[in-house]
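*Asks:* Below you'll find the structure I mean.
The values are calculated or read from the model by the stated rules, or taken from the named source; none is laboratory data. Just so it is clear, the model here is predicted, and its values are computed rather than measured. Here the Cβ is made from the backbone with ideal geometry for all residues, glycine too, and neighbour counts use every protein chain on show. Side chains included, ligands, DNA and RNA excluded: accessible areas come from the protein's heavy atoms. Shrake-Rupley method; radii C 1.70, N 1.55, O 1.52, S 1.80 Å.
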Amino acid sequence: MSPKVYFIGAGPGDPELITVKGRNLLNNADTVIYAGSLVNPALLKGLKAKIYDSSAMNLDQIIEVIQADITENKTVVRLHTGDTSFYSAISEQIERLRELGIGYEVVPGVSSASAGAALLGQELTIPEISQTVIFTRMEGRTPVPETESLSSLAKHRATMAIFLSVGMIEEVRDELLEGYPGDTPVAVIEKASWPEQRVIRGLLKDMVNLVKDAGIKKTALIYVGQALKASETPLGKESRLYHKDFKHGCRE
């Protein structure tokens, strides 16, 4: 491998849900900087690499380690939870690496949103019900543009997966009710794909009590939308793709 930084999505928690490419790069790395608060430590067993836990480091310290080891011709893996394409904070690191002339490559992973949908046995896009999935979050210490408030997005009534927000569950419910009816299905999944994973299902109007009664306070995804009915009851909504009268280049 070339001496560069590999940003790898570690998957949602289950150590088998890392990609083959990610696993191979991890096994051969000289240095691994991992998100210790979220990445399953089982992924680090047996590695020859020097390992750093980024949960106790700031951005400057992370870049210092990377720069020092790249200068010594070492290969560095920056291991992030889930998939790297959203809520991973790789962009700010990549900006620093570009300034320093350090090469990098991004290896995608399995998002917790995908793992949660799999746990539900759920396709998030159901014909005639929802063909759009919104990944979003409530505003906390990280600002959210006003045009992307939950209340604005809820008006679309698309399937929504809400990250990093279960600790503000009352505010989430109130904003969602500005667009979705109170009887819209919801599912809250704590630690999807981990051994201790939990699933809470119900209706939007009852979501706060469901979450509080379960004692869920963090590391959980909130799904909302009519499409969630598909994993509990037959909807009779079939795509055209496999309809016997649907013709395309592979099936005449």
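*Asks:* Determine ³J(HN,Hα), in whole Hz, for all residues of region 193-198 in sequence, where each value follows from phi through the Karplus function 6.51 cos²θ - 1.76 cosθ + 1.60 and θ = phi - 60°; x replaces Gly and Pro.
*Replies:* Karplus values, whole Hz, x for Gly and Pro: 6, 7, x, 8, 4, 9.
*Asks:* Right, here's the next one. Sorted by packing (mean other beta-carbon atoms within 10 Å per residue), highest first, where do 174-185, 97-108 land? Walk me through the numbers on the way to the answer.
*Replies:* Numbers: 174-185: 17.0, 97-108: 14.6.
Ranked from most to least packed, the peptides come out as 174-185, 97-108.
*Asks:* In whole percent, what relative contact order does the chain give with Cα contacts below 8 Å and a gap of six or more residues?
*Replies:* Values: 462 pairs, mean separation 49.1, N = 252.
Once divided by the residue count of the chain, the mean separation gives 19 percent.
*Asks:* Follow-up. Give the label of the value calculated from the structure for volume of the Cα convex hull per residue in Å³, choosing from [x] 166; [y] 137; [z] 123.
*Replies:* Of the listed options [x] 166; [y] 137; [z] 123, [x] comes from this structure.
*Asks:* Nearest 5 percent is fine: what portion of the DSSP beta bridges confined to the chain is antiparallel? Working shown, then result.
*Replies:* Numbers: 17 of 39 bridges.
Counting only bridges with both partners in the chain, antiparallel ones make up about 45 percent.
*Asks:* In region 29-72, carbon and sulfur make up what percent of the accessible area (probe 1.4 Å)? Write down the numbers at each step before the final one.
*Replies:* Working: 1070 of 2270 Å².
Carbon and sulfur together cover 47 percent of it.
*Asks:* Pop out the ³J(HN,Hα) list for region 217-230 in order, Karplus 6.51 cos²θ - 1.76 cosθ + 1.60 with θ = phi - 60°, rounded to Hz; leave Gly and Pro as x.
*Replies:* 10, 7, 6, 9, 9, 10, 10, 9, x, 5, 4, 5, 4, 4
*Asks:* Could you give the length gained by full extension between GLU171 and ARG96, i.e. 0.36 nm per residue of separation minus their alpha carbon distance, to one decimal place? Intermediate results must be reported in sequence, preceding the final value.
*Replies:* Working: separation 75, 0.36 × 75 = 27.00 nm, distance 3.54 nm.
Gain on extension, GLU171 to ARG96, equals 23.5 nm.
*Asks:* Can you tell me how region 43-110 classifies by the Cα gyration tensor, rounded, prolate or oblate, using a/c under 1.5 as the rounded cut?
*Replies:* Rounded, since a/c falls under 1.5.
*Asks:* For region 95-111, in order, what is each residue's ³J(HN,Hα) by Karplus, 6.51 cos²θ - 1.76 cosθ + 1.60 with θ = phi - 60°, in whole Hz (x at glycine and Pro)?
*Replies:* 4, 5, 5, 4, 4, 8, x, 9, x, 8, 8, 10, 10, x, x, 8, 6
*Asks:* Let me ask something else about it. Most fluctuating residue of GLU139, GLU170, GLU92 in a GNM of the chain with Cα springs under 10 Å: which is it?
*Replies:* Highest fluctuation of the listed residues: GLU92.
*Asks:* A follow-up question, please. Return the whole-Å distance between the Cα centroid of region 46-69 and the Cα centroid of region 130-189.
*Replies:* Distance between centres, Cα-based: 34 Å.
*Asks:* Follow-up question, since we're still on this one. Per DSSP helix of 4 or more residues, -39500 (n - 2.57); summed, then divided by the residues of the chain. What does that give at 222 nm, rounded to the nearest 500? Write down the numbers at each step before the final one.
*Replies:* Details: 7 runs with 62 residues, N = 252.
After summing the helix terms and dividing by residue count, I get -7000 deg cm²/dmol.
*Asks:* Can you give the local net charge around TYR52? Use residues other than it whose beta-carbon is closer than 14 angstrom to its beta-carbon, Lys and Arg +1, Asp and Glu -1. Don't skip to the answer; put the middle values down first.
*Replies:* Working: positive: LYS50, LYS74, ARG78; negative: ASP30, ASP53, ASP60, GLU64, ASP69.
The answer is -2.
*Asks:* Counting Lys +1, Arg +1, Asp -1, Glu -1, what net charge surrounds GLN131 among other residues with beta carbon under 13 Å of its beta carbon?
*Replies:* On the way: positive: ARG157, LYS237, ARG240; negative: GLU123, GLU128.
My count for the surroundings of GLN131 gives +1.
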